[in-house]
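Below is one structure, written out as structure tokens, with a few remarks after it.
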Amino acid sequence: MLPPIVSQIMDNFNFDVDPNLSREQNAEEVIKSAALLSGAVSIEPLPFADMLILTPLQAKMVLHIGKIYGFDITPERSAEIVRELGVTVAYGMAARQFMRGVAKIALPVVGGVVTAPLVYGWTFALGRMAQTYFERKIQGLPFQKEEKVQVVQEAKQQSRRMLPSSQDFSELAEELRRRAKEREQSGKGTEDGSTGDSHNTSGR
């Protein structure tokens with residue numbers, strides 16, 4: 001069973017295109033937010049669970065970036081793009097994911113905190129890949145393998161400069177857990193007929 005944090009993340013990862021920002025700036029906001037959320041997911045002390053969580057989160061990131069560049073793609077197509085671009089980004093990731101899962105079995109909390117920067121960088125690079133993919137699609141240009149590798153290398157350097165602290169990842173994960181727990185308790189209260197507090201809950 002996936003943790004409540006998953007639905008909390010997916011429900012909150014929605015962004016409107018800000019007309020006062022350029023396409024690049026809007027895409028930047030989506031990429032940074034998705035990377036931070038992905039890092040927070042890796043804090044979850046469930047071995048290998050985040051491997052199932054990251055893909056839909058990254059697919060939603062691609063869907064948002066596509067909308068920013070004028071492409072109204074389906075969730076299914078966004079997942080396909082993640083797989084297509086992820087081949088370049090994820091070199092060595094399978095082994096690293098496995099070792100991270102093992103680390104969580106041995107040291108649940110430490111295993112997540114230590115590898116959050118890796119997940120952040122991976123998602124950030126994938127976002128940059130998606131951004132370039134749509135930019136070139138607008139221009140009617142192909143996205144060659146050599147160009148993909150260059151984008152990944154540049155994204156890795158940029159993500160290191162923008163990397164949040166381990167405390168940032170932990171605090172976001174804790175906040176998402178808190179919100180998920182509140183919503184879960186609110187739902188149980190409704191099921192039990194306790195509707196009197198529903199207005200207060202929604203107004204927080």
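Among 69, 133, the order by Cβ neighbours within 10 angstrom, fewest to most, reads 69, 133. Once the chain from residue 83 to residue 135 is taken as fully extended at 0.36 nm per residue, the excess over their C-alpha distance is 16.9 nm. With each label modelled as a point 7 angstrom along the Cα→C-beta vector, the residue 74-residue 55 pair spans 1.7 nm.
A simple count of charges around residue 78, restricted to other residues whose Cβ falls under 15 Å of its Cβ and scoring Lys, Arg +1 and Asp, Glu -1, yields +1. For the cross-link pairs 32/67; 32/156; 32/148; 32/181; 32/145, the ones whose C-alpha atoms lie over 22 Å apart are 32/181; 32/145. The simple spin-label model puts a point 7 Å past each Cα toward its Cβ; for residue 14 and residue 147 those points are separated by 3.4 nm.
Read-outs throughout are calculated quantities, based only on the coordinates presented, and are distinct from any laboratory measurement. None of the values given here were measured: they were computed from a predicted structure. Cβ sites come from the backbone with ideal geometry, for glycine too, and all protein chains shown count toward neighbours.
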